[in-house]
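Student: Quick one: the structure is below, and I'll ask about it shortly.
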Amino acid sequence: PCGHARSRPTMEGMDTPSFRPANHADIPALVALVTSAYRGDVSRQGWTTEADLLDGHRIDPDVLARDIGRARSRILVAERGGEMLACAHVAEEDGAGYFGMFSVRPDLQGGGVGKAMLAEAERIAREEWQLPTMRMTVIDIRDELIAVYERVGYARTGIKKPFPYGDERYGIPKRADLRFEILEKPLTGAAA
């Protein structure tokens, strides 16, 4: 045995999470969940960690409040038994769906909660907002993460965006070569 494999709870035999839009009272729990998935030692339990790339905050409460309140924008929460398991931001931007702030509790990553969350976000963009495409931005050196999204239909566009160096609301970079790449997936025909 390799000694480092961990078993993770899976969706099999468990109730599928319920989804709901977040409200302003959820902001402290959302900040804690997003931080646990991306920053610090606790994030190293999961595969989404950015602890080697960034310090500081991953999400700003004021940005969350604006995203909760604006039109065609939803902070989506997955819960089971009233317990917050995952969250993501789905919105309309430039005529396409945008998927971001995707966070699953580190001890549940790899168990199917994230897959269900992504499917629900795509359903909202496709069915409720009739958008043809879903986009996301990923730090372009995160090859393992990009490969996961490619396996579920997202493609690299080659379109790069600069990382917001100097804006600590999005983290304190530990290296100077960070930038985002836009990934994209067609939603039309996916559930027609």
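Student: Kindly indicate whether Arg151 is of a type in the set (Lys, Arg), under 18 Å from the mean Cα position of the chain (by Cα), loosely packed, with under 15 Cβ neighbours inside 10 Å and at pLDDT 90 or above. Walk me through it before giving the result.
Tutor: Numbers: of a type in the set (Lys, Arg): yes; under 18 Å from the mean Cα position of the chain (by Cα): yes; loosely packed, with under 15 Cβ neighbours inside 10 Å: yes; at pLDDT 90 or above: yes.
Yes; evaluated as a whole, the condition is true for this residue.
Student: Any idea which of (1) in contact with a Leu (Cβ under 7 Å, 6 or more places away or on another chain); (2) modelled with pLDDT of 90 or more; (3) of a type in the set (Val, Ile, Thr) is the one Thr137 doesn't satisfy?
Tutor: (1)
Student: What residue, of Pro28, Pro61, Pro9, Pro21, is at pLDDT 55 or above, under 27 Å from Arg142 (Cα atoms) and open to solvent by 20 Å² or more (accessible area, probe 1.4 Å)? Quick ask: steps written out before the conclusion?
Tutor: Values: Pro28 fails: under 27 Å from Arg142 (Cα atoms); Pro9 fails: at pLDDT 55 or above; Pro21 fails: under 27 Å from Arg142 (Cα atoms).
On inspection, the qualifying residue turns out to be Pro61.
Student: For Glu122, only one of the following conditions fails: (1) over 25 Å from Glu181 (Cβ atoms); (2) not in a strand (DSSP E or B). What is its number?
Tutor: Against the list (1) over 25 Å from Glu181 (Cβ atoms); (2) not in a strand (DSSP E or B), Glu122 comes up short only on (1).
The values are calculated or read from the model by the stated rules, or taken from the named source; none is laboratory data. Note that the structure is predicted; figures quoted are calculated from it, not measured. No Cβ is skipped: glycine too gets one built from the backbone with ideal geometry, and neighbour counts run over all protein chains shown. Protein only, heavy atoms only, side chains kept; ligands, DNA and RNA dropped before computing areas. Shrake-Rupley method; radii C 1.70, N 1.55, O 1.52, S 1.80 Å.
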